[in-house]
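The values are calculated or read from the model by the stated rules, or taken from the named source; none is laboratory data. Everything quoted here is computed from the prediction, not taken from an experiment. Cβ placement follows ideal geometry from the backbone for every residue including glycine, while neighbour counts extend to all protein chains displayed. Remember, those area values only see protein heavy atoms, side chains included, never the ligands or the DNA or RNA. Shrake-Rupley method; radii C 1.70, N 1.55, O 1.52, S 1.80 Å.
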Amino acid sequence: MKRFLTLVLAMAMTLSLAACGGSSNSSDSKEPAQNTDSSDTNASDTNSSIDPTALYAIGGGATGGTFNAMGSTFTQFFNDGKVYGQFSSTATTGGVQNIMFMQNGTCDFGIIGLSVLVDAIDGTNAFDGKPYEDVKVITPLYNAYFQQFCTKDIKTEADLRGKKLVVGGPGSGDEATAKQLYTLMGMSFDDFDPQYLGSNEGIEAMKDGHADGAIAVTQLPFSSFLELTNAEKAYLMPLSQETIDKACEPGEHSIPVWFRATIPANTYKTQPEDIATIAQGSYLCCRGDLSDELVYELTKYIWENIGDLNMLHAALANLTIDDVKDCADLPIHPGALKYYQEQGIL
C-alpha cells in the first residue's frame, strides 16, 4: 500500500509541473525576461494593438493627377511594410472629396493640399458652416505650384472672361482653388464657361480645341501638361502681382495658405522666362480617430525608409524630415507628433 501511495503522489507532482509549464531545469524558470528597449519595438511585437489584417483606404485624386499617383505610391509603400494592415488607393476627385470621404468613413487617409486642409479646419469655402477639425497631418509631401495653362490668344487674367476653362472635377481641390483664385481676379464661375474635368480629360479637351485653359496645383513640371506645351498648343500664363499679393494674405483663414513662388524659365517649352506664381504644401493626412500607435509606426516607417520613398515618385525625390518643421502650425496627429518630438524635429 505504501508503495502504491508513493507512486500516486509522484504521478500527481509530475502532472502538476506539466500543467504549469514547469521546466526540469530550475535555472531556466528563474531567468529574468529579456529587457527590450521601446525604441526597438515595431508593429509585429506581440504587445502591439495593430492588426495586420485591417483594411485601410487612401484617398488620392483624378486619373493623371499627382494626388492620384500619391495615393497609389503610399498604398504600395505601406503594403511593403506588411505588418501595418492592408492598404488600397481610392480614386476621388481630389482634396475636398478626400476629406469628405474621411468624414464619412469611406477613407482613412487622404492626400490634401493646404488650402483645402485649412478650409476644412476653419469651415470656409467648400466646408462653409461644416468644419471638419478631425483631419490630421502625418507628413508633408511636396510643394504644389499654381499653374494656369492657356491657348495663345489669352494673355492676361482679363482675357479669361468668356472662355472655356477646365477647373477640375466636382469636389476636387483644383475646383476649390479655382473658385478662390478667380474670385481674387474679380471673377466668378459665371464669368466664363467652367469645364468640370480631371487632369487627363482636361488635357484632351485642350488638345481637341474644346477648352481654352486649364489649371493645375502640382509639382514642377506637371507631366500631363508637358505634352501640350511641347506641341505648342498651350503656354503658361503668369499671375498678376495683385492676385499674388491677395492670395498670400491669410484673409479669413487661421493659417496663410499660399506663399510666393517662381516657376523657373524653360520648365516648359513655351516658357522662356521665369513665371511668378503662388505655391502651397501638400500632405498625407488621416482621420484623427486612428490609433496613436498605428500612426506612430507608419510615421516611423516613412522616415526610416525615406530613401525608398524618394525613389517611388519624382514629386517626393527631395523630401526630407527637415520639411516637417514647416508643419509646426498644422494639426499633426498625436502619433506622428510623438515620433517627430522623439527625433527633435518639433
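Condition check: open to solvent by 30 Å² or more (accessible area, probe 1.4 Å), polar (S, T, N, Q) and within 29 Å of residue 313 (Cα to Cα). Does residue 147 satisfy that? The answer is no for residue 147.
Taking helices (runs of 4 or more DSSP H) as the structural unit, those lying wholly within the stretch 291-346 and holding at least 3 residues that are more than 16 Å from the chain's Cα centre (by Cα) correspond to 292-304, 334-342.
Any chance the stretch 275-290 includes a residue that's assigned to a loop (DSSP other than H, G, I, E, B), modelled with pLDDT of 95 or more and either open to solvent by less than 70 Å² (accessible area, probe 1.4 Å) or over 17 Å from residue 331 (Cα atoms) (or both)? Yes, the stretch 275-290 has at least one match.
Only residues that are at pLDDT below 95 and surrounded by fewer than 24 Cβ atoms within 10 Å (Cβ to Cβ) were counted across the stretch 107-118, and they come to 1. Just to be sure before I move on: is residue 268 in a loop (DSSP other than H, G, I, E, B) and open to solvent by less than 30 Å² (accessible area, probe 1.4 Å) in the structure I sent? The answer is yes for residue 268.
The helices (runs of 4 or more DSSP H) located wholly in the stretch 62-130 that include 3 or more residues which are β-branched (Val, Ile, Thr) and touching a residue at least 24 places away in the same chain (Cβ under 8 Å) occupy 114-122. Within the stretch 240-254, track down each residue that is surrounded by 12 or more Cβ atoms within 10 Å (Cβ to Cβ) and over 10 Å from residue 278 (Cα atoms). Those that are surrounded by 12 or more Cβ atoms within 10 Å (Cβ to Cβ) and over 10 Å from residue 278 (Cα atoms): 240, 242, 246, 249, 251, 253. The residue that is modelled with the lowest pLDDT, among those in the stretch 193-215 that are within 12 Å of residue 62 (Cα to Cα) and among the small types (Gly, Ala, Ser), is 199. For the stretch 294-346, the set of residues classified as of a type in the set (D, E, K, R) and open to solvent by 60 Å² or more (accessible area, probe 1.4 Å) consists of 304, 308, 322, 325, 326, 329, 338, 342, listed by residue number.
Of the residues 307, 335, the single one that is closer than 25 Å to residue 106 by Cα and modelled with pLDDT of 95 or more is 335. Residues of the stretch 136-149 include none that is out of contact with any strand residue (DSSP E or B) (no Cβ under 7 Å at 6 or more places or on another chain), within 26 Å of residue 195 (Cβ to Cβ) and not acidic (Asp, Glu). Taking first residues from the stretch 166-180 that are under 9 Å from residue 96 (Cα atoms) and of a type in the set (Gly, Ala, Ser) and partners that are part of a loop (DSSP other than H, G, I, E, B) and modelled with pLDDT under 85, the Cβ contacts under 7 Å between residues at least 6 apart in sequence or on separate chains come to 172/62.
Within the stretch 302-320, residues that are closer than 15 Å to residue 140 by Cα reach partners that are open to solvent by 40 Å² or more (accessible area, probe 1.4 Å) and not charged (D, E, K, R) with beta carbons closer than 6 Å, at six or more positions or on different chains, in the pairs 303/321; 310/317.
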